[in-house]
1. Averaged over its residues, how many other protein chain Cβ atoms are within 10 Å of peptide A:276-283's Cβ atoms?
2. In chain A, what % of DSSP beta bridges are antiparallel (nearest 5)?
3. Grab the residue from chain B whose Cβ hugs the B-to-A rotation axis most tightly, plus its distance in whole angstrom.
4. State the percent of C-alpha pairs, over all pairs in the stretch A:159-287, separated by a distance greater than 27 angstrom.
5. Defining the label point at 7 Å along Cα→Cβ, can you sort the distances from residue B:223 to the same site in each other copy, shortest first, in nm?
6. What gaps in nm, shortest first, separate residue A:276 from its twins in the other copies when you place the label 7 Å past Cα toward the beta carbon?
7. Quantify how strongly other chains surround peptide B:56-63 by giving the mean number of their Cβ atoms within 10 Å of each of its Cβ atoms.
8. Calculate the mean, over all residues of peptide B:86-98, of how many other protein chain Cβ atoms lie within 10 angstrom of the residue's Cβ.
DNA sequence: ATACGGAGATTAATCGTTTAATCATTGCGT
DNA sequence: ACGCAATGATTAAACGATTAATCTCCGTAT
């Protein structure tokens with residue numbers, strides 16, 4: 001009982017016009033030798049019938065599914081919407097579909113998710129690895145988006161440079177003591193950002209780093225970061241490694257009656273959805289997701305074309321880091337001259 | 001030049017074991033009549049060779065692609081990660097893959113995105129419609145997740161009840177004047193929430209509604225909401241229709257030196273990522289994404305099974321609204337007795 | 001002895017598309 | 001006229017999996 005498919009197919013168009021299937025295929029794809037008029041007639045008729053080619057049939061014949069996989073091991077990451085959108089856009093522009101797979105943070109599930117994608121016949125995939133998990137080559141070309149210092153990284157924002165931009169920005173505003181607020185010391189991205197920030201500081205400036213996960217392991221999750229105390233100690237700027245942590249810092253400061261930015265400046269990373277709308281709006285650096293996705297997809301597709309879609313390769317690209325852009329808003333300002341030591 | 005596919009297929013296994021393809025297929029699917037021992041041998045050998053069935057071949061023959069579509073017309077919505085995760089989880093559990101499509105807010109693009117999914121052979125799709133766009137039945141079963149008052153809605157959080165819970169919560173805290181803060185008056189979801197909140201208020205309480213988009217059209221985007229003034233007017237509670245607006249309200253109040261919650265309470269909707277970590281942490285109501293996704297997927301699959309995957313139907317489910325759950329945190333508290341009129 | 005039944009396997013058709021190979025027709029140069 | 005090439009179309013063979021139909025034994029009942 002082969003299920004009778006209702007949609008028109010090549011053969012239906014063919015018999016209906018009294019020509020052969022091959023001719024119809026050629027006419028629609030513009031590949032073989034078909035006369036102008038006939039090709040035109042065929043196209044018209046196909047459109048009339050609302051013909052949509054069966055991806056299944058095509059995939060079977062050509063071995064190309066026209067689908068890429070997107071693996072998100074850390075889907076809770078709030079920058080995911082932008083990323084997914086950019087990837088989907090780039091893939092769609094190239095005529096590909098995007099199959100998502102989520103591993104909910106679990107490494108075993110990640111492997112399984114990758115396998116599922118392979119079974120579904122993806123020609124390649126884009127992986128945003130969860131914290132420093134090493135991607136063992138899958139059964140197809142893989143593009144990794146993480147950070148330049150991650151081995152096997154294909155392309156990513158230039159987190160170092162982004163850090164530098166922030167460090168430099170705070171330096172120019174006259175800040176001397178900077179507290180860097182990160183989430184997890186095991187993250188390659190966050191470490192690169194820390195390094196970047198430090199490289200942007202001037203002689204005479206000092207910085208310390210506060211890791212929230214470490215703190216919360218002692219004081220419980222959702223605990224105070226003790227920033228008011230830090231302010232008393234002389235810190236005038238808080239450079240968070242993500243807008244989420246920046247938000248946490250900002251609200252804590254405000255709650256404790258410390259004005260931002262007149263008393264202390266706060267900066268973030270990634271330009272997440274809330275950054276423009278909070279008060280004060282958040283100074284941050286944005287990744288150029290569009291370009292990153294573009295590069296990831298195009299080098300992925302190039303690898304697929306040259307080496308086939310069944311070989312497990314880590315895709316490389318000429319441009320492996322894309323500059324981040326500083327967005328100055330209201331949360332950063334000149335250091336209070338009365339408070340700098 | 002049919003590209004030679006490297007992976008083992010049924011026929012390779014068959015010849016390698018000296019049996020027929022059909023037998024191998026039967027053994028692996030457990031369908032036909034194959035002796036115990038032979039079936040065992042075949043399975044072993046298949047596993048050894050790392051056989052993965054070609055979805056293309058299977059899809060072509062059976063007409064079932066094993067793939068569902070997820071249409072997100074407003075992918076920038078920060079609740080997307082949770083949603084995508086829940087949908088992907090439910091679909092994976094049912095043995096389906098999830099193809100995403102984004103229409104970037106554009107209605108024309110939305111139609112095109114739906115068509116692309118159909119071309120890719122999805123058996124059905126889940127659509128989260130952008131603001132009140134009516135989903136004209138596509139060429140396959142469609143489950144809509146929006147709100148109960150949307151015609152054609154399959155399942156959604158019970159936004160009315162969620163609103164009621166918030167209204168009731170504020171009433172119990174002794175608030176009298178409530179300002180409801182929404183984004184867009186054209187959103188079904190937001191309107192249901194407004195109605196819900198009002199229904200939770202007690203006699204003697206009053207509420208007004210502030211639509212941010214309307215305000216921004218006059219005063220420019222990112223403008224102040226003028227909440228300090230509202231506080232002076234006697235409002236003691238601000239009920240935002242989304243955590244994003246709640247965050248905006250909260251930071252604006254704090255910036256203006258108004259303490260939350262001792263002077264004014266703030267509540268949100270959706271329990272977005274930042275709600276637990278800001279200071280004060282945000283009182284909100286959460287959607288049960290897991291259950292919603294579960295219901296959407298299972299009724300979608302049921303429709304596909306009974307009516308086939310080529311008929312454009314709006315899927316219905318017995319349970320069309322899933323209760324929301326109040327999460328009381330620090331941003332809401334008793335109304336200041338000296339300030340209630 | 002013959003027919004029957006059933007288990008265990010194979011044959012072959014089919015899904016829809018692509019494409020190399022082939023065939024038929026016509027025009028054109030010598 | 002005859003061969004040759006170009007053009008326009010057809011034939012047929014895949015791709016890989018599924019499945020209805022068929023075939024082959026072999027044991028057993030009539």
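1. Numbers: counts 3, 12, 12, 14, 3, 3, 1, 0.
What the average comes to for A:276-283 is 6.
2. Working: 3 of 33 bridges.
Taking every DSSP beta bridge with both residues in chain A, the antiparallel ones total about 10 percent.
3. Smallest Cβ distance to the axis, with its residue: B:254, 2.
4. Numbers: 726 of 8256 pairs.
Across the stretch A:159-287, Cα pairs with separations above 27 Å total 9 percent.
5. Inter-copy label distances (nm, one decimal, shortest first): 4.4.
6. 3.0
7. On the way: counts 14, 4, 2, 9, 9, 4, 3, 6.
So the per-residue partner count for this stretch is 6.
8. If you average over the peptide's residues, the count of other-chain Cβ atoms is 3.
Each value in this text was obtained by applying a stated rule to the coordinates, not by laboratory testing. The structure presented is a predicted model; accordingly, all values stated were derived computationally and were not measured. Cβ: placed from backbone, ideal geometry, glycine included. Neighbour counts: every protein chain shown.
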